[in-house]
């Protein structure tokens, strides 16, 4: 397959990109004979294009992810990757159209592999470019299921799809109920009405009936991502008298939500998220203080007990002494692992030829991980098959792992203490 | 639906609406007198919010107390903006005024992004999460103080326009531009002053708003739009109209969230706007042109 | 036919015709010397040039300020995409549905506004309100994906104009053809009676009314023509990007991006929207380039610079860049 695609590439390349056309032709002939061609055509340095929303509405997340790329070199060096790589940064300004042309730009500048972009819409746009240019794209964070359902050959996603996220999420809920012996009978489900929120809601609608959950959902309340305040939504949710609040949130809205709950004195048995960001982010703790405690998020997370985590932690603290690791680890972790996947493939392929790199990425089997889950392995669609989630619960204004047992830092608390009983 | 739920939501909506009203008041003043479309209005409020955040973060000063100095600072900014940049545009077509202010808004939003980064900031005052219980109604303390402060600023503004000579002169300008020039008013200076007053108003609204919502550099445009909707619903140039429009929009958003799909509640402000534009284009309390 | 052609060239200097021919030839040949990245930038520039031209009909010719043109782009994009994905109707047919839907939206807004004599800033706000209203509506239109997005299947195959599936170079030429046709169409309009009526309404609506022009009818016509033209930009958008998200496509920022080109290039001129779109797109990229090169690429700094440039043009070149440039190049018509 690889020789066929190389041919297509060099045939169409005259119009497109002379430099990579040369590389393509050279790579094709390289395998046959001339050793000097290898030296000439295959740079010794892997260029990784990291495309993130560094400005615009998602700037916070983009800049958080970027930290993962910044520490990658130091950490990878320590775990035995001595391959040289260079990171090309691009900002897609939280705008899907810009994502597309930035991806083109990176490939034009010689990127051999792209990593990013935190956002589902941008991931879909970038995938079209990388597929067409035959450059591998390792998606760090984006849950939209369609990304790996388009039959793309060059897209690899280490992040779970919404369906995997929610499946793990609901299992995590059961773990908490089983460990504490307390089970809610009813729940109200609140979710943000954006791409991510609707994908997760669809997954919940699909999985919930068969998941055999102990509670039933009394009401589903969707709110606008641009909502200025959530007082009405919370009042409505409170009026259902549900035992449990299940949320799919982003960050700001999670803060608004908890703040309103305190003000309206609504004290359900707990607040639990089956796989959404927000309640473990540094900002959440800073803003809400003691009220941030006890919230449960079942999300992909790092395993604080591994050696790689310790290395990442010390590199992070050295480089960003003012930031907290746990407040960034979700974004940092997936971005770092994406770069690790790329560098690991480079090591095995021994070439920067994008098609060979893609083949190498497809063979990835990385057991030395930062995040919880089995070894990173991609299925035929390019989806990481071993995605795990941890059950996090906030204690003393930081998220602690309560499940899985082998990574646990604390025991779960459920039902949670009321707002007024917190010191 | 239980009555106390409806009552709770309605009270919250009215209180929030008053703060919206104050924000829109600034726009109404500028729009009504200078006839310039301030498309950087929400961004100016964001400026006020960041000022409050910095003062609170560095010196622990309560945003409600900082309302006066922040409003004064915004007054100066507004005054300078109008007398240097916008004044030559007063007689230009609407679209070029619009482009100029879009440029100003772009610079403000992204300047704030450069200065403060993308993270949401807020002021965690000691009473941030307090609430009062009055019978079945739980009133959010912050929202109550915010609404009272908004009301106080609005009253001060009314007094300014009704009682002071400058205020009267500005009203004269708005009523009859040519006449004002004939009787020897310095219209250029009065315009700058008006823009300053409008900016001060939205700066004060920013100080209050920062208690209710977190600020990021990106929230400006949505509030510019909201302010416009309120001003037009209430009636252009009518100050009570701006407050009424604010309350109406605040209340309708709240009730729409309760009775319909909450995520679609934003539609109602626009639906009201369309209705008002079609049935009573001068706005609820506006004078017929 | 030949009379129409002669009329198109009427009052245009030979120099201007040659210059136009050269620009067109340069655009025709541009892909041969462009790499993938430059091609993608050119496609975006042409997209804005075309959409700006369409907006210009309403504002530049007839003086009706619309700040909600993303509405027409959005509904047309969704219409064509839905026809293709749900019912397998290729865009070559689906685009008629898209045009019809966009024109219907334009007609409703125009009818409500002009019937109730909503004008100026109020009209502009009404257009924003409709666009925002529709955005939130589409967020809840789950049959078409809601806020989760609506996706077209991406296939890697040779250019197919019927289904608009193919490589970027095909989209480039499609967009170039659209832009050229729009240019000619607008030229025709400005030479026609309708065009003169529009100019009269733009300059002084009451005087136009007094002269016996049916102001309501011609304003309606401007909105409908403009929305119909804009809809094709939407169809292109859907098939080029393959993902539609209401938050993106209907956003107010989109409407503003769309009108920057004609305003900077020169409102009411034929070449202004094209020039403006290219200047802006190239400027945006140049700035990124310089910032990355000098290491000052802090988030936000680019947009600040962009804003400054915009202010400079608006303050010192109130008619846009094209009219003075045209004089400088000696391309003024003989009249």
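Only the coordinates and a few stated rules stand behind these numbers; no lab work does. Since the model is a prediction, treat every value here as computed from it, not as a measurement. Every residue, glycine among them, receives a Cβ derived from its backbone with ideal geometry; neighbour counts consider all protein chains shown.
Expressed in units of 2.2 N^0.38 Å, where N is the residue count, the Cα radius of gyration of chain A is 1.02. Peptides A:124-137, C:250-263, C:204-217 ranked from most to least packed, by the mean per-residue count of other Cβ atoms within 10 Å: A:124-137, C:250-263, C:204-217. Each part reduced to its alpha carbon centroid, the stretch A:104-183 and the stretch B:169-186 end up 63 Å apart.
Largest first, the extents of the alpha carbon coordinates of the protein assembly as shown on the three principal axes equal 83, 79, 51 Å. Summarising the strand pairing of the protein assembly as shown, around 35 percent of its internal DSSP beta bridges are antiparallel. Against chain A, whose longest principal axis comes from its Cα atoms, helix A:162-180 is set at around 40 degrees.
Peptide packing: for A:349-362, C:29-42, A:409-422, the average count of neighbouring Cβ atoms within 10 Å per residue gives the ranking A:349-362, C:29-42, A:409-422, highest mean first.
When the helices of chain B are scored as -39500 (n - 2.57) per DSSP H run of n ≥ 4 and the total is divided over every residue, the value at 222 nm lands at -24000 deg cm²/dmol. In plain terms, the residue of C:58, B:66 with the fewest other Cβ atoms within 10 Å comes first and the most crowded comes last, giving B:66, C:58.
Once the Cα atoms are used to define both axes, helix A:96-108 deviates from the longest principal axis of chain A by about 30 degrees. According to the Cα-based calculation, Rg over Rh for the stretch B:3-279 is 0.97, with Rh computed by the Kirkwood formula. Shielding of peptide B:1-9 by partners, expressed as the average count of other chain Cβ atoms within 10 Å per residue Cβ, is 3. Peptide A:273-283 has a mean shielding of 1, counted as Cβ atoms of other protein chains within 10 Å of each residue's Cβ. For the stretch C:11-329, relative contact order (Cα pairs under 8 Å, six or more residues apart, normalised by length) works out to 30 percent. Over the stretch A:289-395, the hull volume per residue, using the convex hull of the C-alpha atoms, is 116 Å³.
Sorted from longest to shortest, the spans of the Cα atoms of the stretch C:11-329 along the three principal axes equal 58, 49, 40 Å. Across chain A, C-alpha contacts under 8 Å between residues 6 or more apart give a mean separation that, scaled by the residue count, equals a relative contact order of 18 percent. Give the separation of the Cα centroids, the stretch C:173-197 to the stretch B:239-261, in Å. Using only Cα atoms to place each centre, the spacing works out to 45 Å. Contact order for chain B, expressed relative to its length and based on alpha carbon pairs under 8 Å spaced 6+ residues apart, stands at 39 percent. Quick one: helix B:141-163 against the long Cα principal axis of chain B, what's the angle to the nearest 10°, folded into 0 to 90? That works out to roughly 20 degrees. Taking other C-beta atoms within 10 angstrom as a stand-in for reagent exposure, A:113, B:102 fall in the order B:102, A:113, fewest first.
Between residue B:158 and residue A:322, the FRET efficiency estimated from the beta carbon spacing at R0 = 41 angstrom works out to 0.30.
Per-residue ellipticity at 222 nm computed for chain A from its helices equals -14500 deg cm²/dmol, with DSSP H segments shorter than 4 residues left out and the rest contributing -39,500 (n - 2.57). Once the chain from residue A:363 to residue A:45 is taken as fully extended at 0.36 nm per residue, the excess over their C-alpha distance is 112.4 nm.
The stretch between residue C:193 and residue C:328 holds 45.6 nm of extra length on full extension. This uses 0.36 nm per residue minus the Cα-Cα distance.
Sorting the segments C:220-226, A:297-303, B:165-171 by their mean number of nearby beta carbons within 10 angstrom, highest to lowest, gives A:297-303, C:220-226, B:165-171. Peptide A:51-58 shows a mean partner chain C-beta count of 5 within 10 Å per residue C-beta.
Annotation for the stretch A:46-101 versus the stretch B:69-121: alpha-carbon center distance of 33 Å. By other beta-carbon atoms within 10 Å, ranking C:140, B:95 with the fewest at the front produces C:140, B:95. Working from label points 7 Å from Cα in the Cα-to-Cβ sense, the residue B:3 to residue A:84 distance is 8.0 nm.
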